[in-house]
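Structure first, then comments.
Just so it is clear, none of the values below were taken in a lab; they were calculated from the coordinates. Being a predicted model, the structure only gives us computed values, none of them experimental. Cβ atoms come from the backbone with ideal geometry, glycine included; neighbour counts cover every protein chain shown.
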There are 2 protein chains.
Amino acid sequence: MTTTATSKREQVLAAAEVVFARKGFDGATMREVAEAAGVGLSLVVYHFTTKEGLYQSIFEARQYVNDDRLARLREVTDPQAPDALDRLVSAFVDPVLDLHDDPADVWFARLVLREASDPSSQDRAIISGLFDPMAREFVAALERILPDRPPGYHAWAYLFAVGALTQSSFDARIDNIAGPDAAGGKREHLRRFLTAALRHS
Amino acid sequence: MTTTATSKREQVLAAAEVVFARKGFDGATMREVAEAAGVGLSLVVYHFTTKEGLYQSIFEARQYVNDDRLARLREVTDPQAPDALDRLVSAFVDPVLDLHDDPADVWFARLVLREASDPSSQDRAIISGLFDPMAREFVAALERILPDRPPGYHAWAYLFAVGALTQSSFDARIDNIAGPDAAGGKREHLRRFLTAALRHS
DNA sequence: CTCACTACTGTACGTACGTACAGTCGGCTC
DNA sequence: GAGCCGACTGTACGTACGTACAGTAGTGAG
């Protein structure tokens, strides 16, 4: 049965998303992934050879999210349009926040955001290979939409936006800082926060 | 010589800051810390007993940074003052960015920011014990300065600000996204970005 | 002089990790 | 029906990790 084959491989990928998101690359173990996927340890090695191979495969399988962000960004053809900035922000945050809606996808969102704020991720070349090209395109679009900013502004503003988006996946900490029931409205708050920051700074 | 004793303990703490900031809690090893400190492995165990003990000791030794942020925040006594928001933002970012000026301190800054964006940090109770109380005070001040915001706004805005501050320590990525020489002006960019975001969202 | 105490060292133990590898099984081709 | 190939399994190997522990040197008190 070929379907079982591919399904087991995907089982492992899905389980690996959860484990890596929870524990980080170094904190997670191959055995943990295997157990979470309900397969033997050697099957994980069979499909992905090494721990890094497994890790990279996750991001390759999810590359459509960044493709989506870029596609939405490229639809903003007129930098002078009054809604150009809003659409850029939407292209940046919505494909990611959409992941938060599905319990099966939210762990990948957390994994991405963890990787984006991990200095040792440089060793793994995932950010530089899969995210930086997209980042450069967003920065270039920012420069077109907001030409009257000092040099260096746009790249930093993009990174600050990445940071804000990063924290948006930590619903748990909101409960510790505010009371409960404060976790709602995240998407709107983030969109307004970023649009205001970019338009007025 | 008692000075040698304390100095060796502090050597270990300083080396541990660098190693943990670079590799993360799980990626770092006790032997690596010992070697970086120029001491034997058993001395690290002698002073801090466990890896977690060493980790927590770093944050306790640096708690003055958060004390500083809180002290500056409490100086903002009039929430209606026109510069109240600017001073809150300054209290939030400046003590951290000051660390970036001294090569001996910058690694702790990176370590803090890594811990703040690590979901598995919940196990270590550093964020919830040392950072969340400060966070709640910042959120309360935000509520006083900006009373006309929807419920839940202030806590999320605080977290988004944490995220932006987090990314500010990744100078390396700026070089990949923008050209070189773009890394300057970080402090001013961040302050303006956050002030604009809070005032206009 | 002795005792106690603190700082520090060398070595070793048990464990858990990533990875390798020989082998099994079912379906497909010719 | 022989041979092959991809999917999958069980087991084992070498290593590197966190931690424990016995021991040494120096110092200050009585």
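The table below gives the values:
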item: Residues B:V96, A:V39 arranged by fewest to most Cβ contacts within 10 Å; result: A:V39, B:V96
item: Long-range tail of P(r) for the protein assembly as shown (Cα pairs > 42 Å, %); result: 13 percent
item: Over 28 Å (Cα to Cα) - which of A:K51/B:K51; A:K23/B:K8; A:K186/B:K23; A:K51/B:K23; B:K8/B:K51 fall in this group; result: A:K23/B:K8; A:K186/B:K23
item: Neighbourhood charge, 13 Å Cβ-Cβ cut-off, centred on B:E32 and excluding it, Lys, Arg +1 and Asp, Glu -1; result: 0
item: Counting all C-alpha pairs of the range A:74-128, share separated by more than 16 Å (%); result: 58 percent
item: Length-normalised contact order for the range B:37-169 - Cα pairs under 8 Å, 6+ apart - percent; result: 25 percent
item: Label 7 Å beyond Cα on the Cβ vector: A:G185 copy-to-copy distances, nm; result: 3.4
item: Inter-copy spacing of B:A125 label points, which lie 7 Å from Cα along Cα→Cβ, given in nm from shortest upward; result: 4.2
item: Mean-position separation - Cα centroids, the range B:9-64 and the range B:149-179, in angstrom; result: 28 Å
item: Other copies of B:D78: label-to-label distances in nm, shortest first, labels 7 Å along the beta-carbon direction; result: 4.7
item: Chain A: calculated mean residue ellipticity at 222 nm from DSSP helix runs of at least 4, using -39500 (n - 2.57); result: -22500 deg cm²/dmol
item: Of every Cα-Cα pair in the range A:63-200, the percent that sits beyond 27 Å; result: 20 percent
item: Exposure proxy order (Cβ contacts within 10 Å, fewest to most) of B:L194, A:L13, A:L73, B:L41; result: B:L41, A:L73, A:L13, B:L194
